[in-house]
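Structure first, then comments.
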Amino acid sequence: MVSEYNAAIENALAGIGDDWSELEKTLYLNDYLTVNTEYDTTYSNYSAYDALVKHKAVCQGYAILLYRMALEAGLDSRFISGLGYGEGHGWNIVEINGLYYDVDSTWDAGQAPNYYYFLKCENNFLGHQRSDTYATDEFNQRYPMAAEDYTDESESGLPEAGFYSSKYANVNTLLDNEAVYSADQNKIYLAYD
């Protein structure tokens, strides 16, 4: 089981380009989860293994898997527990350019490219309330949260497509999206209308 999980992690991360920015890596990982994992309404799959190998998990599985893959991809991330609209819930914070942003892959599953819980500041992370452990001054000093949602000021801006990768193996699962292949067939871009 451990070797299967580690091989699946390695396979998932193989799609990340060596020259990708923190934003591109975060977007890739979020998309990988939201496309390949479905929420477990039986509440019996809680682990990162369940999310990655079984493709089904509750929020804990999503968030632990994003945490593990982010660290493996060279991103700083943390698992955050708390309440989601009054119920127990878990999500992540991810660092981009020295500031941390909230990411909830569970609630954004199936929403590409219209993410509502991706790279959000605390004030715009609707329905989420951190547990006391993650709401202390000490925690916030160690992991400074952005005051505003992430925006890319570069010329290219925030990538329009929800996902791109040179080795994405599950394009066929994206039934509502059109896959557009580059001329050299090395990259896959998803176009949304």
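Some notes on this structure:
- Tensor-based shape of region 5-64 (alpha-carbon gyration tensor, a/c under 1.5 rounded, otherwise prolate or oblate): prolate
- With 0.36 nm allotted per residue and the present C-alpha distance subtracted, the THR151-SER21 stretch has 45.4 nm of extension available.
- Separation of the HIS55 and THR136 label points, Cα + 7 Å toward Cβ, nm: 4.1
- For region 51-93: rounded, prolate or oblate by the Cα gyration tensor [a/c cutoff 1.5]: oblate
- Share of alpha-carbon pairs per 10 Å distance bin for region 47-143, given as whole %: 17, 50, 30, 3
Just so you know, all these numbers are worked out from the coordinates, no wet-lab data involved. The structure displayed is predicted, hence computed values, not measured ones. Please note: Cβ atoms are built from the backbone with ideal geometry, for glycine as well, and neighbour counts cover all protein chains shown.
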